[in-house]
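The values are calculated or read from the model by the stated rules, or taken from the named source; none is laboratory data. Nothing here was measured: the structure is a model prediction, and the numbers come from that model. Cβ placement follows ideal geometry from the backbone for every residue including glycine, while neighbour counts extend to all protein chains displayed. Ligands, DNA and RNA are stripped out before the accessible areas are found, and what is left, the full protein with its side chains, is counted by its heavy atoms. Shrake-Rupley method; radii C 1.70, N 1.55, O 1.52, S 1.80 Å.
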Amino acid sequence: MINFEKFTLDNGLKIIVHKDTSTPLVAFNVLYDVGAKDEQPDKTGFAHLFEHLMFGGSINIPRYDEPLQKAGGENNAFTSNDITNYYLTLPKQNLETAFWLESDRMLSLAFSPKSLDVQKNVVIEEFKQVFLNQPYGDVWLLLRPLAYKVHPYQWSTIGKDISHIENARMENVKAFYKKFYNPNNAILSIAGDVDIENIKKLANKWFATIKKDKKSLRKLPVEPEQKSPEKLTVKRNVPFNSIYKVFHTCSRREKEFHTVDLLSDILSNGNSSRLHQELIKKQKLFSEINAFLTGGIENGLFVVCGKLIKGISMQKAEEAINTELDKIKNNTIEKNELQKVKNKIESTLVFSEMNVLNKAMNLAFAELLGDLSLINKEIEKYSVVTKEQICEQANLIFRENNCSTLYYLAQ
Amino acid sequence: MKKDLNRQDQPELKTIKKISLTNPDKIYLDNGIPVYILDAGTQDILKIDLIFNAGTYFQNKPLVALSTNKMLIEGTQNSTAYEIAEKLDYYGAHLETIPGKDHASITLYLLNKHLEKLLPVLAEIINKPVFPEKELKTFIKKAKQEFIINNEKVKYLAKINFDKIIFGDKNQYGRIADLKDFDNLERNFLIDFYKKYYTTKNCKIIVSGKINNKTIPLLNKLLGSNKQNAGYTEESKPYKIEDCDAHKHFIKKEDALQTAIRIGKPLFNKKHPDFIPLQILNIVLGGYFGSRLMSNIREDKGYTYGIGSALISLQNAGYFYIATEAGADVSKKAVNEIYKEIKLLSDELISQDELNLVKNFMLGSFLRSIDGPFALSEMFISVLEYDMDFTYYDKYLNIIISITSETLIQLAKKYFTKETMFELLVGK
């Protein structure tokens, strides 16, 4: 159970406070409601590049990291297709430094040309390190456009192509900041041994004077229903064949989400799960197999993927996956099996409440999803799911016409 | 709008005062296994660590320590691998087996309410594994494929080959596996290793989280009754380093877009008086986001996505290394900049400002590393391995607070000289 209090400043900044007296640290999390899905198709990778630039100095503070480190703090950030999230932890006695730093970069950036040049290079190296110079690293660069034809989930946060990052100009950077980095487009969550009245005072002092801007309405193109199977085969310099099957499914916001999440757990959460037991242990077709949801705010993907044991044909491997998916469509879930995945969820949730940073992030994200109180209703939502509902979702999702398949073959 | 808000100057800082940690309680199970108890935290959860002196250091053949550790959960006298997995999953537990260089551990994370159901499973895994031939075959096939994939990664190649370079390929820390070792692995090697090293007298237990009055009696009942592998004794392992004569090494990897770089040298472990001061110097150089290597090579030059350095402590050795992956076209420049930064540590005193920043960062970092019962237990384990306790961290904090730039430049001159460094590049 996570306690919280929420208030909103006149400029629209939402602030959530969670009190946990067991720790000397405070977590400070700023979520901006902007992600890769908000980019133009010819300027992809921008939200993420921008995240890097947020560390290049703000209007009154030339360097972000130094003063934070001086306060004993540490920070990082991540960009997803939906959000850009900045977080830090620091000793509670130095909490005000967090307010000072985060409010200044919400007020305005320094927009230094040097920082833009350097961070473009850093991001290009990140592109190489994570996506291009790793075996199987470019899989998601291939899968997204295969599954999404019009929706902006069709590109990864790193972008479609290195050239989009190379071509970023200062005027694009400024326009992006003006459009999205406003108090009314942000959620601040704070967790730790803090006093709510003090937080209100500090929030007013540091954030209240930042002007709101008009909230740009998001109009994302709607992905039309997939009408036929999509298939792609590539050859790469990797040692083993692998297969990826992705199916369209609901978004994180819909009531079916918990059902679909349990479906993926029955298939592949833990060594006793169906895919692991059947395809790795019994049939010995795969060295790795996984099923998971992309879990975004917009309609997501149900992913089943695996690396084949050398010598096993793609056809045989794919048939074996399909057989497992058919089994679950035919209402074969056992009572114990369902209880098992529910128990696993319960323990995952309890463990996730161990640290203040996790709690701060989860609170901000729950608020973005639209209902903060949901954060304490997750266990209940999972516990009421029935095996019939899971079976119904399996039948809805695992259809040939709803599937994009990638054969990723060793050269 | 208020005009008087000063946004230029940082709000006043309070330095972190003395942090003292209370040593865990120590008790012994009936069979003599010591148990260290860290009762802390807010959640009704538990972590149980079983630590054996059974790391790769003790193996005579590659892969034996790893396979023994990983295969513990693959079948016991009473249960199949599936039955074990099913029980652990059903009660929402998470079991990790980690084969390290010196130690091998088995860690169970669980909700307290399932302790009674899960402890018997843990006891079985530890006391009665049978290493079934069939499961071993599957395991080897899988591990071999993972190994082949890892060998496609420049970072992985740099990591394992660097150990070989600084310790020598006959040394227990330096020897690395190759493909044929997977094919030569036999079930008997595992059984033999298990009997010699997974013994009661070779075991320590650390329990952390919410401890209640049932916890310890249950532990004693399930893990304290058996004198495991009592008749076996471990072999003594003389330790000898045979590092390479050549200091510069290159492994060619066609088509690599980035070059993995490792630069470093063998040193000593936590018990050496210079270890903690050198840790501070290491932070200055490459131990945090604002470090000199990050500031120069990432934030100023943009040659890499990340660069860092570390000081590693082992039972019989220690080492220092810098690691990064840099664009193939700029990797030579990155190497030059790394040496420049190493040399600068000996040439110029660290400014008071920078040293203060590093001190504050390290104190904050220390708070993070002891936050919560599990973090606390990790910190305890990392000194327990050297027969020390939390008083080590009193010394650690005192040295951070009192160290001067003069001491650090002397250490840099003594240890961080270019001629003593080994260098490995993996790439085009």
### Message
When the residues of segment B:270-281 are narrowed to those that are in contact with a Leu (Cβ under 9 Å, 6 or more places away or on another chain) and open to solvent by 20 Å² or more (accessible area, probe 1.4 Å), which ends up nearest to B:TYR339 (Cα to Cα)?
### Response
B:GLN279
### Query
Which ones in segment A:212-235 are modelled with pLDDT of 95 or more and charged (D, E, K, R)?
A:GLU223, A:GLU225, A:LYS227, A:GLU230, A:LYS231, A:LYS235
### Task
Test B:PRO273 against the criterion of being modelled with pLDDT of 90 or more, outside any helix (DSSP H, G or I) and under 24 Å from B:LEU424 (Cβ atoms), and give yes or no.
no
### Query
Which of the residues that make up segment B:320-337 are open to solvent by 20 Å² or more (accessible area, probe 1.4 Å) and in contact (Cβ under 8 Å) with a residue 60 or more places away in the chain?
B:TYR321, B:ALA323, B:ALA328
### Query
Just for segment B:2-18: of the residues that are more than 8 Å from chain A (Cβ to nearest Cβ) and either within 23 Å of the chain's Cα centre (by Cα) or open to solvent by less than 100 Å² (accessible area, probe 1.4 Å) (or both), which one is nearest to A:VAL350 (Cα to Cα)?
B:THR15
### Task
Provide a single number: the residues in segment A:277-335 that are in a loop (DSSP other than H, G, I, E, B), more than 17 Å from A:HIS248 (Cα to Cα) and open to solvent by less than 50 Å² (accessible area, probe 1.4 Å).
4
### Message
Looking for something open to solvent by 60 Å² or more (accessible area, probe 1.4 Å), farther than 30 Å from B:LEU190 by Cβ and either more than 20 Å from the chain's Cα centre (by Cα) or within 14 Å of another protein chain (Cβ to nearest Cβ) (or both) - is there at least one such residue anywhere in segment B:259-267?
### Response
no
### Task
Output the residue which, of all residues in segment B:86-120 that are in a strand (DSSP E or B) and within 11 Å of chain A (Cβ to nearest Cβ), is surrounded by the fewest Cβ atoms within 10 Å (Cβ to Cβ).
B:HIS94
### Message
Here's a check for you: in segment A:235-248, which residue that is in contact with a Phe, Trp or Tyr (Cβ under 9 Å, 6 or more places away or on another chain) and open to solvent by 20 Å² or more (accessible area, probe 1.4 Å) is farthest from the other protein chains (Cβ to nearest Cβ)?
### Response
A:HIS248
### Query
Does B:GLU83 satisfy the criteria of being of a type in the set (D, E, K, R) and open to solvent by less than 40 Å² (accessible area, probe 1.4 Å)?
no
### Task
Give the residue that is farthest from the other protein chains (Cβ to nearest Cβ), with candidates limited to residues of segment B:347-375 that are assigned to a loop (DSSP other than H, G, I, E, B) and not acidic (Asp, Glu).
B:LEU349
## Note on the structure
Of the residues in segment A:12-30, those that are open to solvent by less than 20 Å² (accessible area, probe 1.4 Å) and either of a type in the set (Asp, Glu) or assigned to a strand (DSSP E or B) (or both) come to A:ILE15, A:ILE16, A:VAL17, A:HIS18, A:ASP20, A:LEU25, A:VAL26, A:ALA27, A:PHE28, A:ASN29, A:VAL30
### Residue that is nearest to B:LEU376 (Cα to Cα), among those in segment A:336-349 that are of a type in the set (A, V, I, L, M, F, W, C) and surrounded by 18 or more Cβ atoms within 10 Å (Cβ to Cβ)
A:ILE345
### Message
Considering only residues that are of a type in the set (A, V, I, L, M) and more than 8 Å from chain A (Cβ to nearest Cβ), which ones fall in segment B:20-53?
### Response
B:LEU21, B:ILE27, B:LEU29, B:ILE33, B:VAL35, B:ILE37, B:LEU38, B:ALA40, B:LEU46, B:ILE48, B:LEU50, B:ILE51
### Task
Check segment A:175-194 and report whether any residue there is modelled with pLDDT under 95 and more than 24 Å from the chain's Cα centre (by Cα).
yes
### Query
Quick one: which of B:LYS26, B:LYS47 is open to solvent by 20 Å² or more (accessible area, probe 1.4 Å) and over 30 Å from A:SER108 (Cβ atoms)?
B:LYS26
### Query
Taking the stated definitions as given, is A:ALA47 within 19 Å of A:ASN185 (Cα to Cα), among the small types (Gly, Ala, Ser) and either modelled with pLDDT under 95 or surrounded by 18 or more Cβ atoms within 10 Å (Cβ to Cβ) (or both)?
yes
### Query
What single numbered condition from (1) away from chain B (no Cβ under 14 Å); (2) of a type outside the set (S, T, N, Q); (3) not in a loop (DSSP other than H, G, I, E, B) fails to hold for A:LEU338?
(1)
## Note on the structure
The number of residues in segment B:224-247 that are out of contact with any Phe, Trp or Tyr (no Cβ under 8 Å at 6 or more places or on another chain) and over 29 Å from B:LYS201 (Cβ atoms) is 2
### Task
Test B:GLU74 against the stated conditions and say whether it is in contact with a Ser or Thr (Cβ under 6 Å, 6 or more places away or on another chain), charged (D, E, K, R) and at the interface with another protein chain (Cβ under 10 Å from one of its Cβ atoms).
no
### Query
Are any residues in segment A:67-86 part of a loop (DSSP other than H, G, I, E, B) and within 7 Å of another protein chain (Cβ to nearest Cβ), and if so, which ones?
A:ALA71, A:GLY72, A:GLY73
### Query
Are any of the residues in segment B:303-315 in contact with a helix residue (DSSP H, G or I) (Cβ under 8 Å, 6 or more places away or on another chain), within 14 Å of chain A (Cβ to nearest Cβ) and surrounded by fewer than 21 Cβ atoms within 10 Å (Cβ to Cβ)?
yes
### Message
Can you tell me how many residues within segment A:183-224 are among the basic types (Lys, Arg), away from every other protein chain (no Cβ under 14 Å) and free of Cβ contacts under 8 Å to residues at least 12 places away in the same chain?
### Response
2
### Query
Considering B:LYS170, B:LYS180, B:LYS159, which residue is at pLDDT below 95 and among the charged types (D, E, K, R)?
B:LYS170
